[in-house]
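The values are calculated or read from the model by the stated rules, or taken from the named source; none is laboratory data. Here the structure is a predicted model, which is why all the values come from computation and not from measurement. So basically every Cβ, Gly included, is an ideal-geometry build from the backbone, and we count neighbours across all protein chains shown.
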Amino acid sequence: MSELLEAAQQRMERAAELIGLEQEVVSHLLDPIETLAASVRLRRDDGSAVSLKAWRCRYNSSLGPTKGGIRFHPSVHLGEVETLAFLMTMKCALMGLPFGGGKGGVAVDAHDLSTMEMERVARGYVRAMAKILGPDRDVPAPDVATGEREMAWMVSEYSEIAGSIQRHAFTGKPVALGGMPGRTPATGRGGHIALEAMRDLAGLGEEGGLTIALQGFGNAGRWFARAAENAGHSIVAVADSSGTITDSDGLDIDELVEVKNEKGKVTAYGDGDASDDPEKVLSTECDVLVFAALGGVIADEEDVKALNCKAIVEIANRPILPAADSALADAGIEVVPDILANGGGVTVSHAEWVQGRQGIDWDEEDVSDYLEQKISDAADNVREVMQECDTDMRTAAYAVALRRLCAAISAHGTRADFGKS
Ligand code: GLU
């Protein structure tokens, strides 16, 4: 088992112990049910060919078909894919969705690929993984560097292989192909709903505008920023790979989105202070630091020392590694954990999957109510366990997820490995 996965499981084990779960049941969650490793052969536009490493992990399906995104990133590897699939298992359970957890990835730099090359990789990935995919088996979605466009290519390739239209085999598709209005903003909006629901427990008081520093200005980051700005909070710093832009009076998010779209970097924003140091955002004085980029940003005690915030919201998956947990607790920084703060994406994915099965379109208002309801319910459940067990938010979130998972694992009886075949 990879070190990454083992480290991630420490948090689950801490929660299991806290609520007194049977070790035998929890042990079902220590290994993925299956992981397929494959090579995706890419014919480049110049005629040359390269072979890309790719994985798809179905971690656990006790609660339903496995669900989770596919990322394209040069650093993707087996251990990361399995760890993220484990996190999806916890997230879907916490959000009360009838899904298990899965994840996929291709080790490739999407910025190096033309549109046609991206399409070939997306379709090649589906051909390589088709035997473990399917609307009732494993349902992918977007993740880092993949979005609606990639899901459209993937669902078209999968339907071709299946010999029938399989729209609900993928979520995060364009609306024109059975996608859900509101799926693209869902992760960022969900992060904001989670922040509002938990702000008192995060030591941020019950009301009033907050100052927020944001790492990452991709899809999730910008939708979070819009929602937070609309609610009266002030985004005082935003970082992307080009650096950090800071304005203690608050950045204008619409303008920043425009700049990012046109010039590709937040530091091109006209006002405020621009620094070419992307890490500057981490030490910005603020109420809330929001992580909406990649994983592993806060890896240890040293990284915690640089922070200057009261609370953290994890919109990215695993931005804080378990080795930093106790230093954060000692510093009095409460964390709204990823499995709650970014649960909005998979929640609206669930609505999209249901829409595909029903063949009846949902309207945007219903989607938005569903998102609000699911995050609020999950937050209420986490709050109850925090109070019941006098514990932190992340441990409570794992405890809620584990209770649901363990009830399902026990109910499956001797076929607790349900879903393997
Ligand atoms: N990639 C997203 C996540 O990590 C969404 C997963 C999904 O919608 O299935 O939660």
Subset of segment 88-132 [outside any helix (DSSP H, G or I), touching a strand residue (DSSP E or B) at 6+ places or on another chain (Cβ under 7 Å) and crowded, with 24+ Cβ neighbours inside 10 Å]: PHE99, GLY100, GLY101, GLY102, LYS103, GLY104, GLY105, VAL106, VAL108
Selected residue [in contact (Cβ under 8 Å) with a residue 40 or more places away in the chain, out of contact with any Leu (no Cβ under 8 Å at 6 or more places or on another chain) and more than 18 Å from ASN317 (Cα to Cα)] from VAL25, VAL81, VAL40: VAL25
Any chance CYS57 is in contact with a Lys or Arg (Cβ under 8 Å, 6 or more places away or on another chain), more than 12 Å from the ligand (Cβ to nearest atom) and within 15 Å of ASN317 (Cβ to Cβ): yes
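Sort through LEU282, LEU256 and tell me the only one that's over 12 Å from ALA225 (Cβ atoms) and not in a loop (DSSP other than H, G, I, E, B).
That would be LEU282, the only listed residue that is over 12 Å from ALA225 (Cβ atoms) and not in a loop (DSSP other than H, G, I, E, B).
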Search result, residues across segment 316-357 that are part of a loop (DSSP other than H, G, I, E, B), within 16 Å of the ligand (Cβ to nearest atom) and of a type in the set (A, V, I, L, M): ALA316
In segment 62-87, residue farthest from the ligand (Cβ to nearest atom) [restricted to those that are small (Gly, Ala, Ser) and in contact with a strand residue (DSSP E or B) (Cβ under 9 Å, 6 or more places away or on another chain)]: SER62
Segment 358-368, residues that are away from the ligand (no atom under 14 Å from the Cβ) and either touching a helix residue (DSSP H, G or I) at 6+ places or on another chain (Cβ under 8 Å) or assigned to a helix (DSSP H, G or I) (or both): GLN358, ASP361, TRP362, GLU364, GLU365, ASP366, SER368
Tally of residues being of a type in the set (S, T, N, Q) and within 16 Å of the ligand (Cβ to nearest atom) across segment 171-230: 4
Single residue of ALA411, ALA378 found to be without any contact (Cβ under 8 Å) to a residue 12 or more places away in the chain, aliphatic (A, V, I, L, M) and part of a helix (DSSP H, G or I): ALA411
Scope segment 221-276; condition at pLDDT below 95 and in contact with a helix residue (DSSP H, G or I) (Cβ under 7 Å, 6 or more places away or on another chain); matching residues: SER242
Test: residue in segment 145-164 that is surrounded by fewer than 19 Cβ atoms within 10 Å (Cβ to Cβ), of a type in the set (Lys, Arg) and not in a strand (DSSP E or B): yes
Yes/no for ASP366 being surrounded by 14 or more Cβ atoms within 10 Å (Cβ to Cβ) and of a type outside the set (Ser, Thr, Tyr): yes
Number of positions in segment 217-243 that are surrounded by 24 or more Cβ atoms within 10 Å (Cβ to Cβ), touching a strand residue (DSSP E or B) at 6+ places or on another chain (Cβ under 7 Å) and of a type in the set (Gly, Ala, Ser): 5
Residue within segment 205-218 that is free of Cβ contacts under 8 Å to residues at least 24 places away in the same chain and over 30 Å from ASP273 (Cα atoms) present: yes
Segment 131-153 - residue that is free of Cβ contacts under 8 Å to residues at least 60 places away in the same chain and more than 20 Å from GLY64 (Cβ to Cβ) and, of those, nearest to the ligand (Cβ to nearest atom): GLU148
